[in-house]
């Protein structure tokens with residue numbers, strides 16, 4: 001490839017559109033199959049994620065079987081109940097939590113369990129010798145690729161995290177050395193919402209970017225060599241406030 | 001937004017181009033500053049990653065200071081030595097490892113340490129009550145967004161994982177409750193290589209997608225309801241072999 005390698009304007013727009021309009025979909029699945037060629041493009045995008053030492057430690061278990069899905073749904077129901085009981089004493093929040101639709105296990109076209117296999121090309125994995133967790137981080141990067149490619153194809157993805165991993169391991173016959181990382185529901189949707197559900201219903205606000213950026217050290221939010229960037233971040237913030 | 005929400009052809013091309021041509025850059029940084037507006041676009045893309053319970057648990061510590069970078073480089077040198085010694089008795093692999101350039105801490109335009117703050121909007125984080133690790137997975141998703149946006153802007157990213165987190169915590173004044181997730185080097189590059197470095201030098205091969213896809217349960221690589229997809233995956237594999 002050549003030296004100046006930025007993408008073209010419309011190519012960049014495509015990436016940013018996928019990033020900004022990606023949603024965690026729980027309630028808008030429609031009854032329509034995902035064609036094999038599209039599913040393969042989505043999986044291939046995941047498979048081209050970065051991985052520590054090029055270890056590619058992921059697997060994708062594709063699930064259509066309805067009995068399997070009912071078992072996973074049971075795990076969700078049980079874990080959700082447990083989670084709601086953790087809000088005992090915070091009645092308002094508890095009621096709001098209970099009103100949220102948090103998964104589309106049965107309504108989506110397919111489910112995918114993404115797993116991490118630390119033994120892949122191991123035991124010595126280049127670059128994983130100091131920080132063991134970089135292996136599972138690679139799998140999370142693959143999930144984000146999958147999610148963006150699905151969005152580009154018009155396919156919604158919902159990540160169901162209210163599940164017991166021990167249930168998933170048993171239901172999907174996952175061996176002890178392999179770790180479930182995500183349980184995803186994929187399908188076409190009636191629409192992608194303008195904002196994340198939890199932002200829309202007022203569960204939590206989107207933070208300003210300026211609040212998550214530090215300079216040179218943790219917790220430093222102003223710094224001379226970075227003053228132009230600080231100013232630009234401040235302007236982004238006021239633009240956002242204008243929009244509300 | 002309307003019902004049929006796939007991106008257009010050229011928008012999709014942009015996303016896939018970013019995904020397939022993204023590289024872990026260690027040795028091709030050029031001496032050129034990243035303009036603030038481009039850096040902000042890259043950071044804003046990261047900030048729009050999915051996060052469990054909309055908790056947005058990430059921080060981005062931007063680093064230019066050369067003294068700081070030298071300290072981080074020292075940690076790298078020490079951890080790399082330790083890693084090489086783990087290959088004692090495998091002389092060939094050890095020599096090959098030692099010949100690899102694995103970081104661009106000093107040569108890149110800036111470094112970014114991405115951290116995970118589990119206390120953000122906590123202690124109760126919706127969706128994090130069953131699988132605690134979903135918090136740190138959100139941060140890895142943000143890193144992948146950052147990486148793809150950087151690629152789209154023509155900016156290379158290298159993830160330095162051969163570091164001791166305790167060194168990073170000390171050098172960057174990261175408090176005990178916050179966890180460093182990634183140490184990234186960003187800068188313009190002379191080129192993005194056609195293949196990942198570790199694939200190009202023959203350290204490890206790219207796996208066939210068919211080998212990381214299972215059907216209905218772990219380890220099942222053939223399944224009747226999935227036979228058309230199995231066939232399509234097999235054809236992808238033979239197309240790849242034709243290309244070698």
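The values are calculated or read from the model by the stated rules, or taken from the named source; none is laboratory data. This structure is a prediction, so every number in the text was calculated from the model and none was measured. Reconstructed Cβ throughout: ideal geometry from the backbone, glycine too, with neighbour counts over all protein chains shown.
Yes/no per residue for (1) crowded, with 24+ Cβ neighbours inside 10 Å; (2) at the interface with chain B (Cβ under 7 Å from one of its Cβ atoms):
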| residue | (1), (2) |
| --- | --- |
| A:132 | no, no |
| A:139 | yes, no |
| A:145 | yes, yes |
| A:148 | yes, yes |
| A:156 | yes, no |
| A:163 | yes, yes |
| A:197 | no, no |
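Residues that are closer than 14 Å to residue B:146 by Cα and part of a loop (DSSP other than H, G, I, E, B): does segment B:6-21 have at least one? No: segment B:6-21 contains no residue that is closer than 14 Å to residue B:146 by Cα and part of a loop (DSSP other than H, G, I, E, B). Residue pairs whose Cβ atoms lie under 7 Å apart, sitting 6 or more positions apart in sequence or on different chains, and linking a residue in segment B:78-92 that is facing chain A (nearest Cβ under 7 Å) to a partner that is assigned to a helix (DSSP H, G or I), are B:87/B:93; B:87/B:94; B:87/B:97. Just one of the numbered conditions (1) in a helix (DSSP H, G or I); (2) modelled with pLDDT under 95 is not true of residue A:1: (1). Could you tell me whether residue B:209 is facing another protein chain (nearest Cβ under 10 Å), surrounded by 12 or more Cβ atoms within 10 Å (Cβ to Cβ), out of contact with any strand residue (DSSP E or B) (no Cβ under 7 Å at 6 or more places or on another chain) and free of Cβ contacts under 8 Å to residues at least 24 places away in the same chain? Against the criterion (facing another protein chain (nearest Cβ under 10 Å), surrounded by 12 or more Cβ atoms within 10 Å (Cβ to Cβ), out of contact with any strand residue (DSSP E or B) (no Cβ under 7 Å at 6 or more places or on another chain) and free of Cβ contacts under 8 Å to residues at least 24 places away in the same chain), residue B:209 does not qualify. With the condition kept exactly as written, say whether any residue in segment A:20-27 is at the interface with chain B (Cβ under 7 Å from one of its Cβ atoms) and over 22 Å from the mean Cα position of the chain (by Cα). Checked against the condition, which is being at the interface with chain B (Cβ under 7 Å from one of its Cβ atoms) and over 22 Å from the mean Cα position of the chain (by Cα), segment A:20-27 yields no hits at all. Could you please find all residues in segment B:61-77 being at the interface with chain A (Cβ under 7 Å from one of its Cβ atoms) and buried (at least 22 other Cβ atoms within 10 Å of the Cβ)? Once the filter is applied, which keeps residues that are at the interface with chain A (Cβ under 7 Å from one of its Cβ atoms) and buried (at least 22 other Cβ atoms within 10 Å of the Cβ), segment B:61-77 yields B:61, B:63.
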